[in-house]
Amino acid sequence: MENIIKRYKACLDAGKTERECIRLATKMAEEAGYKSLNECIEENSELKAGDKVYATYNEKTMVMFHIGKNDIEKGMNILGAHVDSPRLDIKQNPLYEDNGMAYLDTHYYGGIKKYQWVTIPLALHGVIVKKDGTKVDVVIGEKEDDPVFCISDLLIHLSREQLEKNARKVIEGEKLDLLIGNSPMEGEEKDAVKSNILNILKDMYNVEEEDFLSAELEVVPADKARDMGLDRSMVMAYGQDDRICAFTSLFAMLDIETPDRTACCILVDKEEIGSNGASGMHSRFFENMVAEVLQLTGHTSDISVRRSLSNSKMLSSDVNAAYDPLFPEVFEKKNTAFLSKGLVFSKFTGSGGKSGSNDANAEYIAKLRNIMDANNVKFQFAELGRVDAGGGGTIAYITAQYGMEVIDSGLAILCMHAPMEVSSKADICEAVKGYKAFLTEMK
């Protein structure tokens, strides 16, 4: 177990953005013998049982195929998870100075409680792409001797009116500006602190202010993944929604022998904002890559793509809310996920009357139960809180449109969408075991 957890925490620390996750997954896949699908396409290489290929799009989404012994037209076993997490994004015209303080303006990404992001150490990750196409990787705040950043909050002595506000408005979105400097450049009279920041960025990365226009910079907690509890039974870290499912899916995919049915792992972007865009699950990227793989296995008709997808089985791997004894009023204990109780299957998600949900078929669930029991995998079934208490969604309903069998399957975590989330080490290991069983034994 400790080997898996050590590997998992290292992946969380190395992958705090979707780009970093996909780069890391690509490296791990290549080390495990996966080849670039694009290279196979260029060489018109025939794919046969045992071959392993991957494809990526803009370093933000990835799909992996381990070709099985059976005809891929008969369907695949698919694990799908997302690698984006709630955060703050730097705007395109972000840098300004106000009374001797330099800031970067932000726009929050995904569902967050804004007040949780103030007065904590923050790091800056991402890329800056210059007009000539040069890509500059940025990571500031992760090394021990790196500076960190923060968003300031009002001192308690002057916050009487602030504390009377609704929690949604205690911190407004436009006040989530990142404090990045206070030292003026010598000899400058106007915006001397801003000028100094630009000079530092020039020295560090050889970029100009206008290069922010073509940058993707993300603000994330600077803390590393840590053991939690005197018994070290839990992991506390940023981005476990949904990287806990992404990395355990990846571990499982890399650790299987040639399966009967082709095994597939999808790691996608943009789930936290609706799965839209070219790197989200609504994109045709996955479907296109399936078509390319089929082409290289001897299938040349579009109907083969449709048959392969409709005959597939999928686990939409996303987290669920762990029961919190401090907030029992939002849970219904008979149908709630608990830490250390194993994989969480959710027949449906959505909100209210199952709105926006994929609702898995009972026959498919029965097959999953049989596989998990046969492999001694601990699992539980849960909804996301009480009826009418809230709700949420995953990528399950998107892939279900192909006609494939899909169910939500992930892990329970505490403090979901907070800067630091909490998971169970035991659950992480059960997930790897359960995902491997699904990939190799689902018929």
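The values are calculated or read from the model by the stated rules, or taken from the named source; none is laboratory data. Since the structure is predicted, the reported quantities are computational estimates derived from the model, not experimental observations. Counting neighbours? That spans all protein chains shown, and the Cβs are built from the backbone with ideal geometry, glycine included. For accessibility, only protein heavy atoms count, side chains too; no ligands or nucleic acids. Shrake-Rupley method; radii C 1.70, N 1.55, O 1.52, S 1.80 Å.
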Could you tell me whether segment 173-181 includes any residue that is part of a loop (DSSP other than H, G, I, E, B) and either more than 27 Å from LEU12 (Cα to Cα) or open to solvent by 70 Å² or more (accessible area, probe 1.4 Å) (or both)? no
Which condition from (1) at pLDDT below 95; (2) under 30 Å from GLY392 (Cα atoms) is the one that ARG306 breaks? (1)
Restricting attention to segment 370-396, the residues that are in contact with a strand residue (DSSP E or B) (Cβ under 8 Å, 6 or more places away or on another chain) and either in contact (Cβ under 8 Å) with a residue 60 or more places away in the chain or part of a helix (DSSP H, G or I) (or both) number exactly 9
Name the single residue that is nearest to GLU216 (Cα to Cα) among those in segment 14-38 being in contact with an Asp or Glu (Cβ under 8 Å, 6 or more places away or on another chain) and open to solvent by 10 Å² or more (accessible area, probe 1.4 Å). ARG19
Residue check: is ALA418 out of contact with any strand residue (DSSP E or B) (no Cβ under 7 Å at 6 or more places or on another chain), open to solvent by 30 Å² or more (accessible area, probe 1.4 Å), small (Gly, Ala, Ser) and closer than 24 Å to ASP13 by Cβ? no
Has segment 324-333 got at least one residue that is touching a strand residue (DSSP E or B) at 6+ places or on another chain (Cβ under 7 Å) and either crowded, with 18+ Cβ neighbours inside 10 Å or within 23 Å of GLU363 (Cβ to Cβ) (or both)? no
Quick one: count up the residues across segment 340-373 that are among the aromatic types (Phe, Trp, Tyr), open to solvent by 30 Å² or more (accessible area, probe 1.4 Å) and more than 23 Å from the chain's Cα centre (by Cα). 0
Single condition ASP223 does not satisfy, out of (1) closer than 22 Å to PRO147 by Cα; (2) open to solvent by less than 10 Å² (accessible area, probe 1.4 Å): (2)
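Each row is one residue, and each column tells you yes or no for (1) open to solvent by 90 Å² or more (accessible area, probe 1.4 Å); (2) out of contact with any Asp or Glu (no Cβ under 7 Å at 6 or more places or on another chain); (3) closer than 13 Å to LEU88 by Cα.
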{"residue": "GLN116", "(1), (2), (3)": "no, yes, yes"}
{"residue": "LYS130", "(1), (2), (3)": "no, no, no"}
{"residue": "CYS150", "(1), (2), (3)": "no, yes, yes"}
{"residue": "LEU155", "(1), (2), (3)": "no, yes, no"}
{"residue": "GLU164", "(1), (2), (3)": "yes, yes, no"}
{"residue": "ARG168", "(1), (2), (3)": "yes, yes, no"}
